[in-house]
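*Asks:* This is the structure, below, for whatever I ask next.
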Amino acid sequence: MMEQTKICVIGLGYVGLPLARLFSTKYQTVGFDMNQNRVDALMKGHDATLEVSDELLQSAIKNGFKCTANIEDIRNCNFYVVAVPTPVDENNNPDLTPLYGASTTVGKVISKGDIVVYESTVYPGVTEDECIPVVEKVSGLKFNVDFFAGYSPERINPGDKLHTVEKIKKVTSGSTPEIGKKVNEIYSSVITAGTHLAPSLKVAEAAKVIENSQRDINIAFVNELSKIFTALGIDTNDVLEAASTKWNFLPFKPGLVGGHCIGVDPYYLAQCAQRHGYNPEIILAGRRMNDGMGEYVANQTIKLMLKKGIQVLNSKVLILGFTFKENCPDVRNTKVIDIYKALKEYNLNITVYDPWANPSIVEHEYGIQVVNELPAEKFDAAIAAVAHKEFESVDVQSLLQKDHVVFDVKGTLNREIIDGRL
């Protein structure tokens with residue numbers, strides 16, 4: 001199987017491209033994406049997500065790796081990997097539209113004996129109940145007779161150059177025991193950190209959603225602690241530092257929870273539970289807490305301004321950072337937008353400075369302007385929302401009026417210059 005394996009990765013975003021590039025070191029690999037502009041940029045040797053360096057990408061292309069938007073270019077593959085986004089809609093309901101589209105694409109090209117592996121985050125049962133029927137209908141082939149499936153949840157950490165795809169242990173699974181072994185064998189041939197073969201697709205799907213739900217709940221807990229300790233006049237970080245001296249204390253920190261995983265996956269698990277007659281309490285309570293932190297940061301900043309007698313109406317506020325996390329250009333589901341929207345209600349003049357964010361993408365997705373250069377004007381307040389490495393050399397006080405407020409979301413600024421933090 002492995003000698004004849006021809007791999008196609010569908011979806012060349014933060015997850016799909018690094019995986020496709022990695023597979024191309026051992027297998028004939030084609031990357032497929034509906035976005036022709038994205039494909040053209042990649043074939044010129046540059047990845048706008050910055051997950052794959054130009055050097056690695058260009059080397060892969062030189063060695064035969066190809067990206068395409070033409071479905072005919074993937075027809076001769078026999079191992080399809082689906083790595084498309086699985087967002088939630090405005091009501092926080094899972095949006096499986098990209099998965100249906102990718103499954104349709106697979107159905108048009110899949111042949112007898114082929115395997116399709118899904119990497120997109122879903123709730124247990126989606127692969128077999130939602131995706132496979134689409135492949136069956138379009139292809140006319142029968143599942144587990146003519147073609148087979150696997151599920152191997154993505155564990156990409158955007159912006160992390162230490163924990164790259166091959167260095168993160170991978171969960172694998174197959175629709176039959178034999179297929180599970182084949183899927184595991186192919187992944188383990190490129191994942192140096194090793195693999196874990198789960199007993200079923202549903203187990204692998206469930207493992208993914210609870211990884212991020214667990215992290216979400218833990219962060220929600222320390223976010224609540226932050227609110228309590230702020231009300232008590234105690235520094236939250238001092239409390240956490242003291243508690244962390246116990247060997248089994250988990251060192252989570254308060255903050256904004258956005259992005260395409262932690263801020264989304266719990267909703268997938270919650271809806272799945274509700275469909276099966278169980279109303280989850282802790283999972284959704286954690287989501288409510290974390291989804292409200294942007295507004296909380298904005299309100300705390302306003303309170304601090306009022307305490308200092310700073311005129312709030314028409315005042316100038318600088319937000320440092322807009323991406324959902326530090327040192328990466330990913331703005332998907334960023335919670336900094338919640339800070340912005342809450343501040344806007346007070347009729348402030350807001351400048352968002354982020355050297356990593358693409359202004360045109362931000363304007364298209366959120367309808368606001370972001371600047372890549374540090375503004376020369378003076379501000380009444382600054383909110384350090386994202387801990388980009390570029391901000392370490394910024395003299396925040398030099399950007400501010402004599403009377404000002406500094407709110408530190410990430411706890412990275414010098415304590416002497418800040419007025420409040422989570």
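The values are calculated or read from the model by the stated rules, or taken from the named source; none is laboratory data. Small disclaimer: the values here were computed from a predicted structure and weren't measured. Here the Cβ is made from the backbone with ideal geometry for all residues, glycine too, and neighbour counts use every protein chain on show. What goes into the accessible areas is simple: the full protein's heavy atoms, side chains included, and nothing from ligands, DNA or RNA. Shrake-Rupley method; radii C 1.70, N 1.55, O 1.52, S 1.80 Å.
*Asks:* Which value, in debye to the nearest 20, gives the size of the charge dipole of the stretch 219-358 about its Cα centre, when Lys and Arg are +1 and Asp and Glu are -1 at the Cβ?
*Replies:* For this selection, approximately 280 debye.
*Asks:* Using a Gaussian network model of the chain with C-alpha springs under 10 Å, which one of 12, 269, 141 is most mobile by mean-square fluctuation?
*Replies:* 141
*Asks:* Taking loop as defined by DSSP and a crowding limit of 12 other beta carbons within 10 Å, which trypsin sites (Lys or Arg not before Pro) in the stretch 154-257 fit?
*Replies:* When the trypsin sites (Lys or Arg not before Pro) of the stretch 154-257 are filtered for loop state and at most 12 Cβ neighbours within 10 Å, 161, 169, 246 remain.
*Asks:* Would you mind checking 6/208; 6/62; 161/325 for any pair whose Cα atoms are more than 21 angstrom apart?
*Replies:* Correct reply: 6/208.
*Asks:* Also: I need the trypsin sites (Lys or Arg not before Pro) found in the stretch 22-84, filtered to DSSP loop residues with at most 16 other beta carbons within 10 Å of theirs.
*Replies:* Loop-located and lightly packed - 26, 44, 75.
*Asks:* If the reach is capped at under 16 angstrom between alpha carbons, list the aspartates and glutamates near residue 335, excluding any in the same chain fewer than eight residues apart.
*Replies:* Straight-distance partners of residue 335: 89, 90, 216, 265, 291, 295, 326, 354, 363, 365, 408.
*Asks:* Rounded if a/c is under 1.5, else prolate if a/b is larger than b/c, else oblate: which is the stretch 10-68, with a ≥ b ≥ c the root eigenvalues of its Cα gyration tensor?
*Replies:* It is rounded, given that a/c, with a ≥ b ≥ c, falls under 1.5.
*Asks:* Given an 8 Å cut-off on Cα distances and at least 6 residues of separation, report the relative contact order of the chain as a percent.
*Replies:* Relative contact order here is 11 percent.
*Asks:* Using +1 on the beta carbon of Lys and Arg, -1 on that of Asp and Glu, and nothing else charged, what's the dipole of the chain about the Cα centre, debye to 20?
*Replies:* 500 debye
*Asks:* Heavy atoms only, 1.4 Å probe, whole protein assembly: order 224, 416 by accessible area, highest first.
*Replies:* Putting 224, 416 in descending order of accessible area: 416, 224.
*Asks:* Oh, and also: Once you wrap a convex hull around the alpha carbon atoms of the stretch 192-250, what is its projected area averaged over all directions, in nm²?
*Replies:* Over all viewing directions, the stretch 192-250 projects a mean Cα-hull area of 6.1 nm².
*Asks:* Which one, 333, 223, 91, has the greatest fluctuation when you compute a Gaussian network model over the chain with C-alpha springs under 10 angstrom?
*Replies:* Among 333, 223, 91, the largest GNM mean-square fluctuation belongs to 91.
*Asks:* So, one more: Among 194, 58, 298, whose Cα projects farthest towards the positive end of the dipole of the chain, with charges put on the beta-carbon of Lys, Arg (+1) and Asp, Glu (-1)?
*Replies:* My answer, from the dipole projection, is 194.
*Asks:* Put +1 on the Cβ of every Lys and Arg and -1 on every Asp and Glu Cβ in the chain; which of 147, 222, 400 then has its Cα farthest towards the positive end of the dipole?
*Replies:* Most positive-ward Cα: 147.
*Asks:* Given only helices, namely DSSP H runs of n ≥ 4 each adding -39500 (n - 2.57), what is the per-residue ellipticity at 222 nm of the chain, to the nearest 500 deg cm²/dmol?
*Replies:* Here the helix-only value at 222 nm equals -11000 deg cm²/dmol.
*Asks:* Let me ask you something else. Expressed as a fraction of 2.2 N^0.38 Å, the rule-of-thumb size for a compact globular protein of N residues, what is the C-alpha radius of gyration of the chain?
*Replies:* That ratio works out to 1.06.
*Asks:* Just to be sure I understand: of the beta bridges DSSP finds with both ends in the chain, what percent are antiparallel, rounded to 5?
*Replies:* So the antiparallel bridges amount to about 5 percent of the total.
*Asks:* OK, next. Within the stretch 1-30, which residues have the backbone N less than 13 Å from the label spot 7 Å out from residue 166 along Cα→beta-carbon, could you tell me?
*Replies:* 18-27
*Asks:* Let me ask something else about it. Taking springs between alpha-carbon atoms closer than 10 angstrom, which of 24, 244, 393 fluctuates most in the Gaussian network model of the chain?
*Replies:* 393
*Asks:* May I ask you to give the solvent-accessible area per residue for the chain, in square angstrom, as obtained with a 1.4 angstrom probe?
*Replies:* Computed with neighbouring chains in place, this is 46 Å² per residue.
*Asks:* For the chain, with all protein chains present and a 1.4 Å probe, just round the carbon and sulfur fraction of the accessible area to a whole percent.
*Replies:* Heavy-atom surface of the chain belonging to carbon and sulfur, 1.4 Å probe: 51 percent.
*Asks:* If you don't mind, another one. With loop defined by DSSP as not H, G, I, E or B, and exposure as at most 10 other Cβ atoms within 10 Å, which is the longest segment of the chain clear of exposed chymotrypsin sites (Phe, Trp or Tyr not before Pro)?
*Replies:* By the stated rule (loop sites, at most 10 other Cβ atoms within 10 Å), 1-246.
*Asks:* Compute the label zone of residue 69 within the stretch 104-122: residues whose backbone N is under 12 Å from the point 7 Å along Cα-to-Cβ.
*Replies:* Once the point is set 7 Å along Cα→Cβ of residue 69, nothing inside the stretch 104-122 turns out to lie under 12 Å by backbone N.
*Asks:* 7 Å from Cα along Cα→Cβ at both residue 200 and residue 282: what's the point-to-point distance in nm?
*Replies:* According to this spin-label approximation, the distance is 2.3 nm.
*Asks:* When the dipole is taken about the Cα centre of the stretch 271-422, and only Lys, Arg (+1) and Asp, Glu (-1) are charged at their Cβ, what size is it in debye, to the nearest 20?
*Replies:* Here the size comes out at about 460 debye.
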